[in-house]
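> My questions will all concern the structure given below.
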Amino acid sequence: MLFKELNLCKCKTYLIACDVQNQAVLVDPVLENIERYLAVLAYNGLKLIDVIDTHTHADHRSGCTLLSELTDAKIVMHRLAPHPLVDVHVDEGDELKVGNIVIKVLYTPGHTPDGIALVLDDRVLTGDTLMIRGTGRTDFAGGNPAEEYDSIIEKLFSLPDETLVFPAHDYRGNTQSTIGEEKQKNPRILGKSKEQFIHVMENLGLPLPDKIQEVLQLNQTELDDDLYELPSIAELNRIFQLEPNEIKTFLGQSTPQVLIDVRSEAEFNGELGHIEGSILIPLDKLSENIEKLEKYKNDNIIVICRSGARSTTAAALLTGMGFENVSNLRGGMLAWNEAANK
Ligand SMILES: [Fe+2]
């Protein structure tokens with residue numbers, strides 16, 4: 001196996017390659033370093049088969065979309081990832097094969113709802129859930145300290161102590177650790193109950209990363225188009241979030257509800273299906289369809305996507321365009337289908 005960290009800085013991208021079958025994956029590639037990655041792949045004679053984001057990043061633009069376009073590598077993310085172009089949605093226990101190498105997926109939410117860790121024979125890529133002597137912050141982008149604690153204690157800490165740990169970020173110049181070391185020395189977790197951990201994480205008082213709102217939304221939506229000025233966090237937070245059962249109740253009433261689904265056509269007609277009567281207007285086509293939507297300007301509009309992130313952006317864009325009553329389906333079609341199956 002060939003294993004390398006390619007950015008050589010605080011933000012880590014890992015190359016995992018099988019040198020028998022010359023297949024490779026890149027984990028957490030950064031958009032601005034793509035030429036470097038392609039050079040390393042070419043230098044080693046490797047075919048890129050998958051690009052994997054361990055979670056939706058808020059500090060850098062993901063390189064997954066462009067790498068996938070340039071090389072035909074498949075984009076792999078957790079099933080809750082909002083990114084519109086994911087080819088392979090994975091979940092707990094799934095396995096990815098890179099030549100002779102098997103990568104096992106652990107679902108490790110907490111830093112974000114779509115966090116995964118990637119387990120190889122002797123090592124684990126922990127994303128931003130478990131870092132060296134630290135843990136990923138949980139104060140934005142759907143973070144949840146209780147979930148992060150469970151992901152670390154129940155999943156990552158159940159790996160053998162000698163397992164090598166490779167995080168997605170390190171701010172102190174560390175390159176690797178082990179599960180055993182983190183159990184003994186990670187100050188965020190050592191000797192702390194779940195309640196104490198939650199208290200610590202809720203009181204870190206860290207400033208938000210620069211440009212978080214653009215970076216996060218671009219990674220969630222891939223709406224990289226000068227036509228759109230992405231909504232601010234305040235504008236996103238003002239969008240009213242509706243639960244699936246609330247929407248079902250509204251649909252049974254006489255007041256008209258306009259359902260706008262902002263996924264791609266392939267997703268609209270894909271495995272998650274769509275809500276009967278919903279109008280398909282992919283997020284990147286919102287602007288060109290605005291005239292078609294004019295007649296709904298004073299109606300109650302509910303926006304829908306896969307996981308609820310893209311549609312919150314769409315709802316805020318519509319609100320900014322003068323639509324009065326725009327709400328969002330919280331959790332998107334994933335939540336809708338889950339509610340239907342209960
Ligand atoms: Fe992160």
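Each value in this text was obtained by applying a stated rule to the coordinates, not by laboratory testing. Since the model is a prediction, treat every value here as computed from it, not as a measurement. Glycine gets a Cβ as well: all are built from the backbone with ideal geometry, and neighbour counts include every protein chain shown.
> Name the residue farthest towards the positive end of the dipole of the stretch 2-201 from the options Tyr107, Leu120, Thr138, assuming +1 on Cβ of Lys and Arg, -1 on Cβ of Asp and Glu, about the Cα centre.
After comparing all options, I get Thr138.
> With each pseudo-label sitting 7 Å past Cα toward Cβ, what's the Ile153-Tyr43 distance in nm, one decimal?
Label-label distance for Ile153 and Tyr43, simple model: 4.4 nm.
> Then there is this: Work out, step by step, the length gained on full extension between Asn269 and Leu66: first 0.36 nm times the residue separation, then minus their alpha carbon distance; give nm to one decimal. Before the final figure, lay out the partial values.
On the way: separation 203, 0.36 × 203 = 73.08 nm, distance 2.44 nm.
Full extension of this stretch gives 70.6 nm more.
> Quick one: if the Förster radius is 35 Å, what FRET efficiency do Leu8 and Lys192 give, using the C-beta to C-beta distance and rounding to 0.05? Before the final figure, lay out the partial values.
Working: r = 32 Å, r/R0 = 0.93.
With R0 = 35 Å, the Cβ-Cβ based efficiency is 0.60.
> Within straight cross-link reach of Lys47, meaning Cα distance under 18 Å, which aspartates and glutamates are found once same-chain residues fewer than 8 apart are removed?
Leaving aside aspartates and glutamates fewer than 8 places away in the same chain, those within reach of Lys47 are Glu5, Asp19, Asp28, Glu35, Glu69, Asp72, Asp87.
> Which angle between 0 and 90 degrees, to the nearest 10, do you get for helix 309-320 versus the longest principal axis of the chain when only C-alpha atoms count?
40 degrees
> Report, in debye and to the nearest 20, how large the dipole of the stretch 186-318 comes out about its Cα centre when Lys and Arg carry +1 and Asp and Glu carry -1 on their Cβ.
Details: 13 positive and 22 negative charges, 123 e Å.
Magnitude of the dipole: close to 600 debye.
> Residues in the stretch 189-218, backbone N under 13 Å from the label point at Arg172 (7 Å along the Cα-to-beta-carbon vector): list them, ranges by number please.
Counting only backbone N, you get 189-190.
> Relative to the longest principal axis of the chain, what angle (0 to 90°, nearest 10) does the C-alpha long axis of helix 34-43 take?
40 degrees
> Pull out the extension gain between Asp210 and Ser254, defined as 0.36 nm times the separation in residues minus the alpha carbon to alpha carbon distance; nm, one decimal.
Working: separation 44, 0.36 × 44 = 15.84 nm, distance 4.54 nm.
Length gained between Asp210 and Ser254: 11.3 nm.
> I've got another one for you. With just the Cα atoms defining each centre, how far is the stretch 138-178 from the stretch 224-283? Give it in Å.
Here the answer is 33 Å between Cα centres.
> Between Leu227 and Glu276, take the C-beta separation as r, use R0 = 22 Å, and let me know the FRET efficiency to the nearest 0.05. Don't skip to the end; give the middle numbers.
Working: r = 30 Å, r/R0 = 1.38.
Efficiency computed from Cβ-Cβ geometry: 0.15.
> For Lys295, which lysines qualify as cross-link partners when the Cα separation must be under 22 Å and same-chain residues fewer than eight apart are set aside?
List returned: Lys285.
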